[in-house]
Structure formats: structure tokens, C-alpha cells
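Heads up: the structure comes next, in C-alpha cells.
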Ligand SMILES: Nc1ncnc2c1ncn2[C@@H]1O[C@H](COP(=O)(O)OP(=O)(O)O)[C@@H](O)[C@H]1O
Ligand SMILES: Nc1ncnc2c1ncn2[C@@H]1O[C@H](COP(=O)(O)OP(=O)(O)O)[C@@H](O)[C@H]1O
Ligand SMILES: [Mg+2]
Ligand SMILES: [Mg+2]
């Protein structure tokens, strides 16, 4: 197993790719043009240490969700490898995947979509207990369900157990989703924008519930977010994505206080701050993210980059270390 | 004289389960040239408040009581026809929440904006299109793109076009409802820059509705904090952030992460925002308030002046006396 600064690597992603074929129109099928692809994730590599909370951030459409789902093999990778606790899980079969499905979990943005609307809270949590044979008797099942509801502060559990998802608030639904996840004792969790649909006043409480119960057990998290302010306060390290690539990766302090890639610099400058005394957020680059079908050549950011030169158009920059643990993919650092 | 003066406004929605008290006793003054931020969590009544002022409430929304003065004129005595012709879009304008996705896909963007002018003013189509081109450059869109269809616009461009549309008839006052909520952070910064520039250039008065404190902190001159159908605190923007007096304002600021501060534990507010079908009695924040006293569930706190233009509605500020 590889080591990171003396820490155990929980998850290692090497050159991960996920391309989606673009649906061809009838005419282009007839004229047999080559299939085009949305290169949603296009050569992404990172390691996450055991117990770490790692941020995957960037604007919508940059490939965060696709990365999260592909590394759990909820989507089949087009290329690359995923190592979980040292084991290459890229090609393993269904039977082996079943146990991994318990150990590697995902919490979605919209709990309404991830909870079966026809099941009660009791059954929603009982389901994974039965699938993974986590309890022997009904009494044990119920005890597990009660404990997990208490863990997510849905108390008293009796009050929630018989409800259906539509009888819960958004925050309560997300708590049920977390209870369902946590009851399986996962070792690694992809949290895909878990709070972005919730009210500001209850977000921190939800994060605490999700992260604290894992902290004690050494759970590792990939925290996917477009909100850099939350990432700053929750995560240890993180990566910034642009059009299917990681452009910068560092500890959160490095990303926030010392961004090096021109895109990260622009991103950080644009984050508004809840303090009128602080200098206003600025848009230091213009335009918007182009489509990942036929992305720009060379560095994908070059058409919007204030530092771009001919080289950036021609050659794709590699992710290189500039300062300890601070990786940047830019020709001009 | 304030450009907008709202007194004890109450607007409810009738539903099968009873009245949703979406706006329930709101007082608010907006001075000319100001940019006021109306901030609160989703469902607290921000959109309802805006729709009441513009008379755009859905069929089940009804006026209960209160006064709306625009430049001193009592809006509630103006009949609908006059309001449609003389006020809405012409003097007070609105950027709908989610407006950027509401453009009609089969008409050219420029035509949709010109339409607003043709409806309200005695202008020729040619002149209207010229003005649309002018508005496009004002909001930072290439004027040649007036002939584009909505799907040819990116998200940020659509939102700018909606702002241009709100400006079509040269209004004095513009209400923008969550204008950047659906946008990514860089496009949000671009859009807020456009809004700030417009305000400076055109001397607009504006109300920015948002759930995002940081957006208000960076664009507004004054701020009203709304909770469960009422304004709980109002002050100039610096005062709201440096000397918040209402426990809800304080808690909301505490819950809001800043990218510029050192890593810290984020604090949430216990409980959840109330259902406005049956809101808590007294101060509506009392079930979630760490400082709640006996009186808080019994009596509605008055909106009291704290010096200057700082107001808050909390029993703590009067030592618990009613
Ligand atoms: N199933 C799919 N088929 C085709 N394209 C997809 C699919 N899922 C995602 N994409 C595209 O891949 C890109 C990355 O999407 P996503 O991973 O959801 O980004 P993010 O989570 O960062 O917003 C986007 O351009 C998106 O439209
Ligand atoms: N047409 C309607 N009928 C009934 N209730 C409504 C209607 N529109 C909004 N509401 C309710 O009124 C309250 C205030 O809504 P709204 O003004 O949209 O809040 P905000 O804009 O602050 O999110 C909410 O509880 C909402 O569910
Ligand atoms: Mg996503
Ligand atoms: Mg609203």
C-alpha cells in the first residue's frame, strides 16, 4: 500500500476517465460520423488518506458527480484505476462488489430522489440491514434502526419510524439518508453536495451529524461541493476541477490562501464574503465554462486564461508539485 | 420621502388547510438610491413580499391589511388598470426568481424585451430594438445577439437579459429576486458586477432578495432580515454585520461560512423554520432562540428603534417588558 506523509492511503484514483457518448442524430448516423464523447472526467488522479475529508470542488458540469459515481463504480470507468485500501477495484466482479457496496457509500444532493417514496423510514433503514445481513433478529434490526435515528438526531425515533419521505422536511429526509448510510458502517463516503438544497440555518447541523459519527470510526470522505466556503471549513485537503481535469490540489489553506492556478485564483476571487468590510468578490475572468464535448486543446482553461501563451494552446500541462503537497497543472507557475 | 414605504403589510395564501401567513406585519422603508437586501431562509415570505408590491400574487394570495406607499402615493387606492399601465414595469420592475429559465424558447430574446416596451410606451418597433441593443451593451451582452433565441444564451447571459428586460421601460425601482442563486460563483460575480454598475450609472433604487448573506454583504447599502413572514432586524449593511441585535440575525451570521476566515466550527440554529400555516405565537423565532423568555411565546415583540436607522424586534432589547 502506498503511503502519504506516513498516512495510510484509503482511496487512490489513477488517471480516471469517464466519457459519455453523445447521442447521435439520425442524419449523422447515416453519414457515419465518428461518435463524439462528453469527456466528463478525463484523466483524474488523487489519493485520499484514511480518515481524511477531501474536497472535490469546481463549477457545475466540471465532472465532480461523475468522478464520485465512477470511483464507486456506480458508473463504469472508461479508463484508469481505482484502488480502495490498496486493492484495485476497477475490474472486480459482482460478488466482490457486493461487500464493497456496503463499505463505500454515497450521500446524494437530493434526499428525495435517493429515498424510496413508498417506504417508511423504518423500512428504508431496515433494507440495507437485511441486504448485508447486519442483524440476526427483528429485535436486533429494530435496535439498529433506533440507534441510527438517534445518531442523526431524529428523536424520539418512534415519532419518525412510521413516516414516509414526503412527511419529512428536507433536512429530516437528508438525516434519514445519512442514517441509512451510516447503519452499514461504511469506511468511505462520497458526499455529493449533501447540504446544497437545505436551508442555511440547518446546514452546519447536518454536516456535523454526517462527519462526526464518521470521525470516531475513521471514515474517509470525498466531499463534493461547488461551495468553497463550506469546503474551507470542513475539509482537510481538496482538488479543483475544470472541464474534467484537476487543475490544482493542496491542503485547504493552500487552495484558499495561496491559489496558484489562474483558474483557482479566479474562483477564489469570485467567492462572496459575508462581511461588508472585506473587499468585494470580483470576476477577474470573463465568459463561462465551455462544453466538455470537444474541449479546448492543450490546457482546457487557456481560452479564458489571462496568462495563456502559445504553449498552453499546444500542450496539456501536467499536475506538478510546487511546494509540499501543493499540485498545480499550469505551464506558467 | 422614501421611494417605498410599506406599513404593517399582511398577505396570506388561502389553502385547504387554512391561511399561510406568508407576509404578516412587515414594515419597511427604502430611500431613493439605496440598495436594500431582503434576506431570509427559503419560505420566509421574501417572494410573496415582492409579488405583493407588484400585484402579481397568485389567485389564492390575498391582501389582509397594511399600506404600500410608492413615492408617497397610496398604491392600494390605485386601480389595477392604472397600476398595470403606469406603475408595473414602468416605475417599479421585477426580475423574477428563476426568470432566466422562463424566457419563451420560440421567440428571439431581443423581441421579447422589445415587446415590454411596445406594451407600455408609444414607440415604434425599430426604436424599441435600438433601445434593446443599448440595454444589451449596458448589461454586457454583445448587442448583435438581440436576434438570438434563448437556447443560444448561456446561463449568465440569460440572467443579464432578464435584467435588461426589467430595465426596458426605465423604472426607478427594481426588485431582483434571487438573481444569482442558480449561477456558478464566477458568473455570479460577473452578474453582481453588472448590477452594481447599473445602479451607479442609472441611479437605480433596488431591492435584492436572497437567502445568501454574503451576496447582500457585497452589494447592498442596507439590509432587512426576514424570518417567518416578518422583518426581525433592519439597519445599514455595516451595522447588521458588526452589531446585529436580533438573536436570529446573530445566529444566521454565525451559521454562514466565510472563505476569508480561519477554519472554524460552523454553528447551526436548532430546529427548523416554522410552517407558516401555524406559526409559533409571540416572537416566531422563540422555539429556536437560545435566549427565549416567558414573554417571547406570548407577545409579538415591537419593531423598536436602536438609534439611527437600526431597528429590531426582540423582547431582549426592551428588557422583556412588553
Ligand atoms: N449520463 C450522462 N450522459 C451524458 N453526459 C453526462 C452524463 N452525466 C453527466 N454528463 C455530463 O458530464 C459533465 C459533468 O457532469 P457532472 O459530473 O454531473 O458535473 P458536476 O457534478 O461537476 O456538476 C457535464 O457536461 C454533464 O452534462
Ligand atoms: N401560491 C401559494 N399558496 C400557498 N402557499 C404558498 C404559495 N406561494 C408560497 N406559499 C408559501 O408561502 C410561504 C412564503 O413563500 P415565499 O414568499 O415563496 O418565500 P421565499 O421567497 O422567502 O422563499 C412559504 O411557506 C410558501 O410555502
Ligand atoms: Mg454534481
Ligand atoms: Mg423566493
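Overview of results
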| quantity | calculated |
| --- | --- |
| Single condition residue B:72 does not satisfy, out of (1) surrounded by fewer than 19 Cβ atoms within 10 Å (Cβ to Cβ); (2) within 14 Å of chain A (Cβ to nearest Cβ) | (2) |
| Matching residues in the range B:61-78 - criterion: being more than 19 Å from residue B:12 (Cα to Cα) and touching a residue at least 12 places away in the same chain (Cβ under 8 Å) | B:69, B:70, B:71, B:72 |
| Members of the range B:67-82 that are part of a strand (DSSP E or B) and out of contact with any helix residue (DSSP H, G or I) (no Cβ under 8 Å at 6 or more places or on another chain) | B:73, B:74 |
| Among the candidates A:274, A:317, A:290, A:259, residue that is part of a loop (DSSP other than H, G, I, E, B) and in contact (Cβ under 8 Å) with a residue 40 or more places away in the chain | A:290 |
| Failed item in (1) within 16 Å of ligand 1 (Cβ to nearest atom); (2) assigned to a loop (DSSP other than H, G, I, E, B); (3) surrounded by fewer than 19 Cβ atoms within 10 Å (Cβ to Cβ), with residue A:77 passing the rest | (3) |
| Which listed residue, of B:251, B:228, is out of contact with any strand residue (DSSP E or B) (no Cβ under 6 Å at 6 or more places or on another chain), on the phi > 0 side of the Ramachandran plot and either buried (at least 20 other Cβ atoms within 10 Å of the Cβ) or not assigned by TED's automatic domain parsing to the domain that holds residue B:276 (or both) | B:228 |
| Residue match in the range B:30-43 (condition: surrounded by fewer than 17 Cβ atoms within 10 Å (Cβ to Cβ), within 13 Å of ligand 2 (Cβ to nearest atom) and within 14 Å of chain A (Cβ to nearest Cβ)) | yes |
| 1 or more residues more than 9 Å from chain A (Cβ to nearest Cβ): qualifying helices (runs of 4 or more DSSP H) within the range B:149-264 | B:155-166, B:185-202, B:237-242, B:247-255 |
| Identity of the residue in the range A:259-270, surrounded by fewer than 22 Cβ atoms within 10 Å (Cβ to Cβ) and out of contact with any strand residue (DSSP E or B) (no Cβ under 8 Å at 6 or more places or on another chain), that ends up farthest from residue B:196 (Cα to Cα) | A:265 |
| Residue in the range B:286-293 that is more than 14 Å from every other protein chain (Cβ to nearest Cβ), in a helix (DSSP H, G or I) and in contact with a helix residue (DSSP H, G or I) (Cβ under 6 Å, 6 or more places away or on another chain) present | yes |
| Top-ranked residue in the range B:83-101 [being in a loop (DSSP other than H, G, I, E, B) and touching a helix residue (DSSP H, G or I) at 6+ places or on another chain (Cβ under 8 Å); ranked as nearest to ligand 4 (Cβ to nearest atom)] | B:97 |
| Conditions (1) within 16 Å of residue A:280 (Cα to Cα); (2) within 16 Å of ligand 2 (Cβ to nearest atom): number failed by residue B:207 | (1) |
| Hey, residue A:253 in contact with a helix residue (DSSP H, G or I) (Cβ under 8 Å, 6 or more places away or on another chain), closer than 22 Å to residue B:267 by Cβ and within 13 Å of another protein chain (Cβ to nearest Cβ) or not | no |
| Output for the range A:102-126, where each listed residue is assigned to a helix (DSSP H, G or I) and in contact (Cβ under 8 Å) with a residue 24 or more places away in the chain | A:102, A:103, A:111, A:112, A:114, A:121, A:122, A:124, A:125 |
| Unmet criterion (only one of (1) free of Cβ contacts under 8 Å to residues at least 24 places away in the same chain; (2) under 30 Å from residue A:209 (Cβ atoms)) for residue B:256 | (1) |
| Total residues in the range B:267-289, condition over 27 Å from residue B:15 (Cβ atoms) and either within 16 Å of ligand 4 (Cβ to nearest atom) or buried (at least 19 other Cβ atoms within 10 Å of the Cβ) (or both) | 2 |
| Qualifying residue in the range A:243-250 (condition: more than 27 Å from residue B:184 (Cβ to Cβ), more than 16 Å from ligand 1 (Cβ to nearest atom) and in contact with a strand residue (DSSP E or B) (Cβ under 9 Å, 6 or more places away or on another chain)) | no |
| Selection status of residue A:192, touching a strand residue (DSSP E or B) at 6+ places or on another chain (Cβ under 6 Å), within 13 Å of another protein chain (Cβ to nearest Cβ) and more than 16 Å from ligand 2 (Cβ to nearest atom) | no |
| Qualifying residue in the range A:70-83 (condition: within 14 Å of chain B (Cβ to nearest Cβ), touching a residue at least 40 places away in the same chain (Cβ under 8 Å), away from ligand 2 (no atom under 16 Å from the Cβ) and closer than 30 Å to residue A:166 by Cβ) | no |
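Results for (1) free of Cβ contacts under 8 Å to residues at least 24 places away in the same chain; (2) outside any helix (DSSP H, G or I); (3) away from ligand 4 (no atom under 16 Å from the Cβ), shown as yes or no for each residue.
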residue: B:57; (1), (2), (3): no, yes, no
residue: B:104; (1), (2), (3): no, yes, yes
residue: B:107; (1), (2), (3): no, yes, yes
residue: B:118; (1), (2), (3): yes, no, yes
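The values are calculated or read from the model by the stated rules, or taken from the named source; none is laboratory data. Computed from a predicted model, the values in this text were never measured in an experiment. No Cβ is skipped: glycine too gets one built from the backbone with ideal geometry, and neighbour counts run over all protein chains shown.
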